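Before any comments, here is the structure.
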Amino acid sequence: MKRYAPFFIIGFILFITLGDKVLPGELGKSSTQTRIALNNFAINLFPTIKRPKNPNARTEKELEQVEQKR
């Protein structure tokens, strides 16, 4: 099995990269779907972190409300 692993890996990479252009019908569509799924997986590994523009805005707002109540 170890002897055939590189061939499987190379075949899988070729299937993903060239499958939709070379393979007919459903095989081409499955190649495209596999590529899209792998791309989405890779993108979701590194989610973007949205930092607040002003992290103290909520605290400042609460302080203003407390001062108005006095």
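Please verify whether LEU45 is at negative phi and surrounded by 11 or more Cβ atoms within 10 Å (Cβ to Cβ), treating the condition exactly as stated. So LEU45 does not fit the description; no. Of the residues examined, ILE10 is not one that is modelled with pLDDT under 90, out of contact with any helix residue (DSSP H, G or I) (no Cβ under 9 Å at 6 or more places or on another chain) and surrounded by 10 or more Cβ atoms within 10 Å (Cβ to Cβ).
The values are calculated or read from the model by the stated rules, or taken from the named source; none is laboratory data. Just so it is clear, the model here is predicted, and its values are computed rather than measured. Cβ atoms come from the backbone with ideal geometry, glycine included; neighbour counts cover every protein chain shown.
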